Amino acid sequence: RMDLCEDPDSQTITACLELPGIKPTDVEIQLHDDKLTVSGRRSAPPLSGPSARYPVQELKYGAFQRSINLPIGIQQHQMSASMSDGILILSWPKDPQKLPPIRFMADEDSRLKMG
């Protein structure tokens, strides 16, 4: 799962991805053509032998991959990354030259408001 946050009062855009039980060395981050891809592998812990049965098996193991289009208005090659307690945090500084223009709209009272 992922949260993508853009705070108008901040100079950064941040993505937080949940990666429980995964070591930072098992995660790969790639930037290509305005797309971010996070991939890796979650290894199953050695719980028992090969003949073990699992009446309930909800945890997912093996390879994973998540790709998202990068937000508009960031300096994508200035990304910073950190991982702690199963949370991967990726941040990019905003690029004022690439931010979409602010639109103004008039409401029924003919007052301008940002939109």
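We did not get these values from a lab; they are worked out from the coordinates using the rules stated. Owing to the predicted nature of the structure, the values given are computational and were not obtained by experimental measurement. Quick reminder, even Gly has a Cβ in these numbers, built from the backbone with ideal geometry, and neighbours come from all protein chains shown.
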Full-extension gain in nm, Leu47 to His32, via 0.36 nm per residue minus C-alpha separation | 1.6 nm
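Going from the alpha-carbon gyration tensor of region 1-105, what semi-axes, largest first and in whole Å, does one get by taking the root of 5 times each eigenvalue? Provide the component values of the computation, followed by the final result.
On the way: eigenvalues 263, 34, 27 Å².
They are 36, 13, 12 Å, listed largest first.
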Checking region 16-65 for GluC sites (Glu not before Pro) in a loop per DSSP with at most 12 other beta-carbon atoms within 10 Å yields Glu58
Nearest 0.05, what FRET efficiency do Lys23 and Gln57 give at R0 = 25 Å with Cβ-Cβ as r?
-> 0.70
